[in-house]
Amino acid sequence: MIMKNNTLALFTALILMPGIALMPAITAQAAAVEAPVANSSSSAPSTQERIQQLAYTAQDIKVPLQERAQALRQLARYPNQNSLIAVARALKDSHAEIREAALIGAEPYKIEHRWTMVSPLLSDKVLNVRIVAAENLLRDYNHFDNAQQQALEPAIQELISTLQPKNDPVSQLRLADAYRWHHQWKQADTIYRNLLSQDVTEPQLWLNLADNENRQQHNQKALDILNEALVKLPNNADIHYSKAMTLVRLKQKSQAAQAMQTAATLAKSNSHYWYLNGVIQEEFNVDESTKSFEQAYLISGAPEQLYAVCGVYARHNNPKTGLCISELAKYAPPQVIEQLKQLANKQ
């Protein structure tokens, strides 16, 4: 993959999680998009090839709108430069269906860049585009300044008033999420528990109920919810991931490392989970950390994941450091390469 217009700003914008995210950034709508599947044979397309095909489909005006929209929604599972370009263009598309789908595709990106891309759609002429834009930004409500929160408030109220009369489970989940992000904890808790009384096998309900507690700093309550969920859904990677992040908040890092290892192993082809496993494992097991960063890059082929590999090599005097930095130099700006070389020379 070739990085065009190589600048430090663009490169760092594509490094989605330089630290540790505390909860999965997936809405009720994005959760419905199929997860990436590990290659089962040599003839199956690689993850990178799949990303390129989805990005191409999303931008091809000759393709039916429904297919373009589906491709954009699936790009939420594969954040990288190609995906970002496709999503950014689609957010300005003349068709409301495409703009709405692009809002789902935009979900994985850092909020400072997402605000720039998404906030113009808060005043879109189409109601459904406005409320999906509100959902996209509302989940990061805590990160906004007062001016941004005030700008978002009319769309939040429009979102809530649109969803309140609807009784179907999907709409109720979206309403509970809106309450959770807007700090209306009790309303969110009531809806999540009501939905769980109808279906205890839906992982997103457990995840969001736990996050409702985490956002109130009730981290032990969140952990209890996730442990209860794992009794019913022991092989769900996302719940193990959420448990790992909750344990990080509780400063139980060793247990967090175990949970994150389980999450990455169960998810198999989720490059973000392998990346985070590398971050958490580095304190306890450098070899496991290195393998996890390498696995993340093998899955995604993305320069930001190669940067993580070079970083762990440089920090621990890995003999492959020089080769890694040379490969990264094909994609990254000189400032990034110089920083890594300086880091390697300090070891």
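Looking only at the stretch 290-300, decide whether some residue is outside the structural domain of C310 (by TED's automatic domain parsing) and farther than 26 Å from V170 by Cβ. Working first, answer last.
Our first condition is that a residue be outside the structural domain of C310 (by TED's automatic domain parsing); within the stretch 290-300, this holds for none.
No, every residue in the stretch 290-300 fails to be outside the structural domain of C310 (by TED's automatic domain parsing) and farther than 26 Å from V170 by Cβ.
Within the stretch 259-305, how many residues turn out to be closer than 21 Å to K330 by Cα and among the hydrophobic types (A, V, I, L, M, F, W, C)?
The number of residues fulfilling the criteria is 5.
I'm trying to understand the selection: among the residues of the stretch 272-310, which are closer than 26 Å to S242 by Cβ and outside any helix (DSSP H, G or I)?
E282, E283, F284, N285, A302
Run C324 past the list (1) outside the structural domain of N219 (by TED's automatic domain parsing); (2) surrounded by fewer than 22 Cβ atoms within 10 Å (Cβ to Cβ) and report the number of the one that doesn't hold.
So C324 meets the others, but not (2).
Examine the stretch 311-325 for a residue that is hydroxyl-bearing (S, T, Y), within 18 Å of the chain's Cα centre (by Cα) and either assigned to a helix (DSSP H, G or I) or farther than 30 Å from P203 by Cβ (or both), and state whether such a residue exists.
Of all residues in the stretch 311-325, those hydroxyl-bearing (S, T, Y) come to 313, 321.
This time we only want the ones that are within 18 Å of the chain's Cα centre (by Cα), so: none.
For the stretch 311-325, residues hydroxyl-bearing (S, T, Y), within 18 Å of the chain's Cα centre (by Cα) and either assigned to a helix (DSSP H, G or I) or farther than 30 Å from P203 by Cβ (or both): absent.
Any residue that is in contact (Cβ under 8 Å) with a residue 24 or more places away in the chain, surrounded by fewer than 18 Cβ atoms within 10 Å (Cβ to Cβ) and in contact with a Ser or Thr (Cβ under 8 Å, 6 or more places away or on another chain) - is there at least one of those in the stretch 235-255?
Taking every residue of the stretch 235-255 in turn, none turns out to be in contact (Cβ under 8 Å) with a residue 24 or more places away in the chain, surrounded by fewer than 18 Cβ atoms within 10 Å (Cβ to Cβ) and in contact with a Ser or Thr (Cβ under 8 Å, 6 or more places away or on another chain).
Select from the stretch 268-309 the residues that are farther than 23 Å from E49 by Cα and without any contact (Cβ under 8 Å) to a residue 60 or more places away in the chain and list them in ascending order.
N277, G278, Q281, E282, E283, F284, N285, V286, D287, E288, S289, T290
For (1) in the same structural domain as D60 (by TED's automatic domain parsing); (2) modelled with pLDDT under 95; (3) surrounded by 20 or more Cβ atoms within 10 Å (Cβ to Cβ), each residue gets a yes or a no:
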| position | (1), (2), (3) |
| --- | --- |
| H95 | yes, no, no |
| E100 | yes, no, yes |
| L103 | yes, no, yes |
| L121 | no, no, yes |
| K125 | no, no, no |
| N146 | no, no, no |
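Condition test on V129, is it assigned to a helix (DSSP H, G or I), touching a Lys or Arg at 6+ places or on another chain (Cβ under 6 Å), surrounded by 14 or more Cβ atoms within 10 Å (Cβ to Cβ) and not acidic (D, E)?
Details: assigned to a helix (DSSP H, G or I): yes; touching a Lys or Arg at 6+ places or on another chain (Cβ under 6 Å): yes; surrounded by 14 or more Cβ atoms within 10 Å (Cβ to Cβ): yes; not acidic (D, E): yes.
Answer is yes for this residue.
The values are calculated or read from the model by the stated rules, or taken from the named source; none is laboratory data. Predicted model only: the values in this text are computed from it and were never measured. When we count neighbours, we look across all protein chains shown, and the Cβ atoms used for this are built from the backbone with ideal geometry, even at glycine.
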